[in-house]
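Asks: Structure provided below as structure tokens; questions to follow.
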Amino acid sequence: MASIKIAPSILAADFARLGEELRALDAAGADYLHIDVMDGHFVPNITLGPQVVRALRPHSPKPFDVHLMIAPADPYLEAFAEAGSDIITVHAEAGPHLDRSLQLIRALGRKAGVSINPATPPAALEWILDQVDVILVMSVNPGFGGQRLIPAMVDKVRTVRAMIGARPIELEVDGGIGPETVGALAAAGAGVIVAGSAILASGDYAAAIADLRRRAQAAL
């Protein structure tokens with residue numbers, strides 16, 4: 001049975017205490033630390049840049065799963081790699097040369113991820129499947145935390161899982177995930193669960209992570 005990974009999103013953290021929050025999430029059992037980078041252009045919000053990623057790096061040895069919701073992304077890939085990112089995910093919609101972006105990430109020695117927004121069909125992934133380590137399916141429209149999961153994205157996750165087949169690609173899902181929705185996504189094939197409010201607003205990070213993991217594993 002596959003092991004479910006939980007990646008708390010620091011978008012829901014207290015930004016005045018980010019280092020402390022990372023240490024707490026690490027101790028609570030996070031597998032990855034999901035870092036949402038937004039530019040106010042590709043998505044309607046602005047969060048943080050490579051300097052913050054660099055400042056956070058000493059606070060946890062866990063993999064930094066850096067999700068670039070920026071356009072263009074290519075000019076910033078090297079800075080995010082040097083800042084300590086382990087996985088760098090770009091959006092299929094963010095530029096005209098996705099294959100080139102993925103090659104650049106791998107050339108920087110980082111795992112390459114690609115994300116697709118809710119309205120983007122899985123067919124957008126067809127010709128880059130051998131260039132990626134992670135596929136991130138957005139189950140809400142990116143830009144803000146605390147949204148409700150779009151129900152049709154469960155079937156989309158199932159479709160992408162079938163496309164992946166036996167390839168060593170992690171299938172990640174992000175948006176509106178909590179105790180009520182995590183099981184359906186895991187059953188559809190998601191192996192990495194990104195959750196923000198469900199963990200950070202819980203009051204008990206360890207209990208929330210364990211609960212999501214238990215519910216996801218039970219659905220497999």
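Asks: Looking only at segment 202-214, count every residue that is surrounded by fewer than 19 Cβ atoms within 10 Å (Cβ to Cβ) and part of a helix (DSSP H, G or I) and tell me the total.
Replies: 5
Asks: Quick one: which residue in 182, 140, 157, 192 is within 19 Å of residue 64 (Cα to Cα) and β-branched (Val, Ile, Thr)?
Replies: None of the other options fit; the residue is 192.
Asks: Right, another one. Going through segment 25-80 one residue at a time, which ones are over 27 Å from residue 141 (Cβ atoms) and of a type in the set (D, E, K, R)?
Replies: 26, 54, 57, 62, 78
Asks: Further, regarding this structure: Would you mention how many residues in segment 81-107 are over 21 Å from residue 138 (Cα atoms) and touching a residue at least 24 places away in the same chain (Cβ under 8 Å)?
Replies: Qualifying residue count, segment 81-107: 8.
Here's the yes/no breakdown for (1) under 13 Å from residue 4 (Cβ atoms); (2) among the hydroxyl-bearing types (Ser, Thr, Tyr); (3) crowded, with 19+ Cβ neighbours inside 10 Å:
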{"position": "156", "(1), (2), (3)": "no, no, yes"}
{"position": "177", "(1), (2), (3)": "yes, no, yes"}
{"position": "183", "(1), (2), (3)": "yes, no, no"}
{"position": "195", "(1), (2), (3)": "yes, no, yes"}
{"position": "200", "(1), (2), (3)": "no, no, yes"}
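Asks: OK, next. Look through segment 160-186, keep the residues that are under 18 Å from the mean Cα position of the chain (by Cα) and assigned to a helix (DSSP H, G or I), and return whichever of them is farthest from residue 141 (Cα to Cα).
Replies: 164
Asks: Oh, and also: Which ones in segment 118-169 are of a type in the set (Gly, Ala, Ser) and modelled with pLDDT of 95 or more?
Replies: Passing the criteria: 119, 123, 124, 139, 152, 162, 165, 166.
Asks: Scan segment 1-44 for residues that are surrounded by 15 or more Cβ atoms within 10 Å (Cβ to Cβ) and assigned to a loop (DSSP other than H, G, I, E, B) and jot them down.
Replies: Selection gives 4, 13, 28, 29, 30, 31, 32, 42, 43.
Asks: Given 178, 165, 109, which one is under 24 Å from residue 12 (Cβ atoms) and small (Gly, Ala, Ser)?
Replies: Only one candidate qualifies: 178.
The values are calculated or read from the model by the stated rules, or taken from the named source; none is laboratory data. Keep in mind that what you see is a predicted model, and the values were worked out from it rather than measured. Here Cβ is always computed from backbone atoms with ideal geometry, including for glycine, and neighbour counts include all displayed protein chains.
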